[in-house]
Structure formats: C-alpha cells, structure tokens
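S.K.: Sharing a structure below in structure tokens format, with a few things to ask.
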Amino acid sequence: MNYIFYLLIVISIVIGAVNGKLQDVVNAVMSGAELSVKVAFSLIGIMAFWLGIMKIAQKSGIIDFLSKILKPVTKVLFNEIPPQSPAVGDIAMNFTANAFGLSNAATPFGIKAMEELQKENKDKTSASNSMCLFLGMNTAGFQLIPTTVLAVLVGIGYKNPTEIIAPTLLVTIIAFTFAVVLSKVLQKVWKVQMINPHPNPLPEGEGIIDTEGKND
Amino acid sequence: MTNILNLISLWALPALILLVLTVGVIKKVPVYEEFTDGAKDGFKVAINIIPYLVAIIVAISMLRASGAIEMLANALAPLLKSWHIPADVLPLTIVRSLSGSAALGVFSDIANNLGPDSYATKLAAIMVGSSETTFYVLAVYFGAVKISKIRYALLVGLLADLVGIISAVWVCNWMFG
C-alpha cells in the first residue's frame with residue numbers, strides 16, 4: 001500500500017506539472033480531503049441503521065439460517081475460517097445485500113464481516129487469505145439488478161432499459177468468478193510474511209483444520 | 001418484465017427490513033433495544049475509516065485533476081480501438097476502478113450526449129453496472145480493520161476490473177453489435 005499511495009501522488013504531481021494543471025492538483029488535495037470526511041459522515045447514519053437491523057437479525061437467528069443455507073458455498077470458498085464463526089453469517093448478509101443492489105446495506109455488513117475475519121487473522125496488520133478473497137468478491141461488484149444505471153437509462157428515454165440487465169449480469173458473473181479463482185491461486189503464491197515473532201507459525205490453511213478438530 | 005424488475009427494486013429494501021423485524025418480534029427479541037445496541041457501533045466504524053478514506057480519496061482526486069487519466073486513455077486508444085471501444089467510453093475503462101461518482105458522471109454524460117440508441121451508451125451502461133469501485137472498497141473495508149499490508153488484494157481487484165472490461169466489450173458486441 002505504501003508504494004501505491006506514493007506512486008499515485010508522485011504521478012499526479014509530475015503529470016499535473018507537465019499538463020500545466022498543478023493548481024488543479026493542489027485544489028484536488030483540499031476538495032478530496034473534504035470529500036472523504038463527507039463520505040465518512042454520510043456513512044454514520046446508514047451504518048448505524050444497518051448495524052441495528054443486523055443485530056436484530058443476529059438475535060432472531062436469521063443470520064444463522066442464512067449461513068446454514070450458504071454453508072456449502074462458504075465452506076469451500078472460506079475454508080480457513082471455522083464454520084461456526086460469525087463471519088460466515090456476515091458474509092452471507094453482505095452477499096445478499098449486494099445481489100439485490102442494496103449497496104448502502106452491503107457496506108456495513110461487509111465491514112462487520114471484515115471485523116470477524118480480523119478476529120481469525122494471525123497478523124493483524126496483514127490481510128489474511130479470507131480477507132483478500134472477500135475483498136475481491138466485493139470489488140467485482142456482483143449485482144443482480146444495476147439499479148442506478150437503469151435509472152439513468154430511463155431518464156434519457158431508453159426504450160427497453162431492462163435489456164441491459166442480462167449482459168450486465170453475465171459480465172459481473174465472469175468478473176466475480178475470475179476474482180474468486182485468482183484470489184485462490186494468488187494466496188498460494190503470495191503468502192503472508194510473518195514479521196511478528198510467533199513461536200510456531202502454522203502453515204497457511206492447515207492450521208485451521210487443526211483448530212476445527214479441537215473445537216469439535 | 002420492466003414492471004417486475006421495478007417492483008423488485010422498490011421492494012427489496014422494505015421487504016428486508018420488514019422481514020428482519022417481524023422474525024425478531026415472533027422470536028420475542030427486544031427489537032428496539034437490540035437495534036439501538038447494534039447501531040451504537042455505526043459512529044465508531046465510520047470515524048475509524050476516515051484516515052484511510054482521506055488517503056485514497058485525496059490521491060485519486062489528485063490523479064484525476066492532473067489529467068493523467070486522459071493521457072492514459074489516449075495512450076491506450078489504438079489498442080482499445082481495435083477492440084471496437086468507442087472513444088467516448090475510453091475514460092470510463094480507467095475511471096470506474098477509481099471513483100464511483102466519476103464513473104456515474106461519465107456514464108450520464110455519454111447517455112445524455114449520444115442518446116439511447118448508440119452503441120456507446122449500451123457499452124457504458126454494462127461497464128458501469130457490472131463494476132464496483134475497487135479503490136473505495138479497498139479503503140473502506142481494510143481501513144475499518146486497520147489492515148495496511150494488502151498483499152494481492154488490489155491486484156485481484158484491478159485484474160477483475162480488466163476482465164470485466166474485456167467481457168463487457170465482448171458481450172456488448174455479441175448482443176448489440
């Protein structure tokens with residue numbers, strides 16, 4: 001992340017200078033900083049609301065029910081987290097909300113899932129395999145109905161806006177599948193560098209199977 | 001068909017809320033207390049992600065202001081032309097990974113200027129509809145749990161975006177070309 005951050009800023013300043021747009025770049029620093037806080041603040045209410053709903057869903061067993069349904073899928077994809085982890089339910093909620101185009105709700109559920117995945121994570125500063133996979137699934141933007149795009153198309157008088165749904169779904173499925181497969185491949189190549197002096201770092205993946213056995 | 005989809009869009013949210021609350025009441029969960037208890041964390045989470053959002057959003061804003069995206073789009077133009085990507089859609093291929101509002105802005109522009117019958121509008125619609133803003137999702141999700149070593153997460157996100165662009169062009173060509 002350090003290099004990415006540094007590169008983005010260096011490129012912006014150098015190219016901005018070359019294009020004679022340095023003033024715009026400087027203004028963008030201020031407006032960008034302001035925008036980030038606006039985004040975060042606008043999230044407070046939405047986050048609070050959905051986390052509240054989530055808590056009810058959790059207490060009434062809806063999340064357990066959802067995780068049970070999606071278990072065959074999550075067991076294969078997230079094989080490194082124990083099946084009884086609350087993360088499974090949160091991932092299920094995030095996925096459901098995303099699929100129905102409720103991105104407002106999907107973000108709080110996703111953050112909740114990340115927090116649960118972090119609890120299972122050994123190195124707290126480094127993303128675990130499950131976290132990378134979950135992020136990949138979210139960046140691929142799986143959605144059954146692209147509501148915002150449809151709204152724009154309706155706005156310009158597009159005759160049959162729903163014809164866009166099938167191709168969009170096809171594309172999103174391709175990208176989603178690719179993200180999942182690529183994450184699974186890369187986790188074998190790009191392992192966590194253990195910097196904290198853990199006495200006995202368990203080999204990726206296998207350690208979890210051990211814990212599973214103990215808990216049973 | 002349109003009516004059914006509009007109905008689903010309209011009802012997805014109220015149905016979810018209604019379902020959760022009703023099941024809660026049936027199961028004798030104190031819904032009001034549990035709601036407010038869960039909602040308490042909203043503030044904390046939103047405040048926690050501010051530093052990460054500032055870092056990413058400022059860097060992306062600077063990049064957009066510098067004109068680097070247009071330069072990259074121009075550099076890629078010959079390659080993208082050979083794939084039958086209309087020139088208007090070029091910036092979208094890059095911007096959609098960086099900023100959701102900008103991507104929607106570019107898409108609205110294309111839709112309004114070129115109209116409902118153009119191939120560019122359809123391709124842009126598919127590209128925007130099938131993607132999520134990779135950098136934003138990364139900042140928010142990893143920021144919330146203070147992850148700084150992201151390993152291959154960004155690579156997966158960006159390559160999936162690329163695959164999304166290629167398949168959008170392919171599907172659009174096939175269906176509307």
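FYI, it's all coordinate maths here, none of it is from the lab. Please read these numbers as outputs of a predicted model, since none were measured by experiment. Here the Cβ positions follow ideal geometry from the backbone for every residue, glycine too, while neighbour counts run over all protein chains shown.
S.K.: Can you tell me which condition B:I85 does not meet? The list is (1) of a type outside the set (F, W, Y); (2) free of Cβ contacts under 8 Å to residues at least 60 places away in the same chain; (3) more than 9 Å from chain A (Cβ to nearest Cβ); (4) in contact with a helix residue (DSSP H, G or I) (Cβ under 9 Å, 6 or more places away or on another chain), and all the others hold.
M.R.: It fails just one condition, (2).
S.K.: What pairs can you find where one residue is in segment A:82-104 and among the aromatic types (F, W, Y), the other is outside any helix (DSSP H, G or I), and their Cβ atoms are less than 9 Å apart, with a gap of 6+ or different chains?
M.R.: Sorted first by the residue in segment A:82-104, then by its partner, the pairs are A:F95/A:F142; A:F100/A:Q143; A:F100/A:L144; A:F100/A:I145.
S.K.: Taking segment B:118-161, which residues are within 30 Å of B:A55 (Cβ to Cβ), under 14 Å from the mean Cα position of the chain (by Cα) and aliphatic (A, V, I, L, M)?
M.R.: Matches in segment B:118-161: B:A124, B:M127, B:V128, B:V137, B:L138, B:A139, B:V140, B:L158, B:A160.
S.K.: Of all residues in segment B:67-106, count the ones that are within 23 Å of A:G20 (Cβ to Cβ) and of a type in the set (D, E).
M.R.: 1
S.K.: Across segment B:48-82, what is the number of residues that are without any contact (Cβ under 8 Å) to a residue 60 or more places away in the chain and under 26 Å from A:L7 (Cα atoms)? Reasoning before the result, please.
M.R.: Filtering segment B:48-82 down to residues without any contact (Cβ under 8 Å) to a residue 60 or more places away in the chain leaves B:50, B:54, B:58-59, B:61-82.
If we keep only those that are under 26 Å from A:L7 (Cα atoms) as well, we get B:50, B:54, B:58-59, B:61-80.
Qualifying residue count, segment B:48-82: 24.
S.K.: Further question: Please note which helices (runs of 4 or more DSSP H) are completely contained in segment A:83-194 and include at least 3 residues that are more than 7 Å from every other protein chain (Cβ to nearest Cβ) and under 24 Å from B:I4 (Cβ atoms).
M.R.: Details: elements: A:86-99, A:103-120, A:129-139, A:147-155, A:165-189.
Output list reads A:86-99, A:103-120, A:147-155, A:165-189.
S.K.: Limited to segment B:20-40, what total is found for residues that are in a helix (DSSP H, G or I), facing chain A (nearest Cβ under 7 Å) and β-branched (V, I, T)? Quick ask: steps written out before the conclusion?
M.R.: Keep residues of segment B:20-40 that are in a helix (DSSP H, G or I), which gives B:20-26, B:31-39.
This time we only want the ones that are facing chain A (nearest Cβ under 7 Å), so: B:20-21, B:23-24, B:31, B:34-39.
Adding the requirement that they be β-branched (V, I, T) leaves B:20, B:23, B:31, B:36.
Looking only at that region, the number is 4.
S.K.: Suppose the filter is outside any loop (DSSP other than H, G, I, E, B) and crowded, with 18+ Cβ neighbours inside 10 Å; does B:I17 pass it? Let's see the steps before the verdict.
M.R.: Values: outside any loop (DSSP other than H, G, I, E, B): yes; crowded, with 18+ Cβ neighbours inside 10 Å: no.
Considered against the rule, which asks whether it is outside any loop (DSSP other than H, G, I, E, B) and crowded, with 18+ Cβ neighbours inside 10 Å, B:I17 comes out as no.
S.K.: For residues that are closer than 18 Å to B:D161 by Cα and within 7 Å of chain A (Cβ to nearest Cβ), scanning just segment B:88-121, find the one that is surrounded by the most Cβ atoms within 10 Å (Cβ to Cβ). Steps first, please.
M.R.: To start, the set of residues in segment B:88-121 that are closer than 18 Å to B:D161 by Cα comprises B:89-104, B:106-107.
Now drop any that are not within 7 Å of chain A (Cβ to nearest Cβ), which leaves B:104, B:107.
Details: B:L104: 17, B:F107: 24.
Across segment B:88-121, the extreme among qualifying residues is B:F107.
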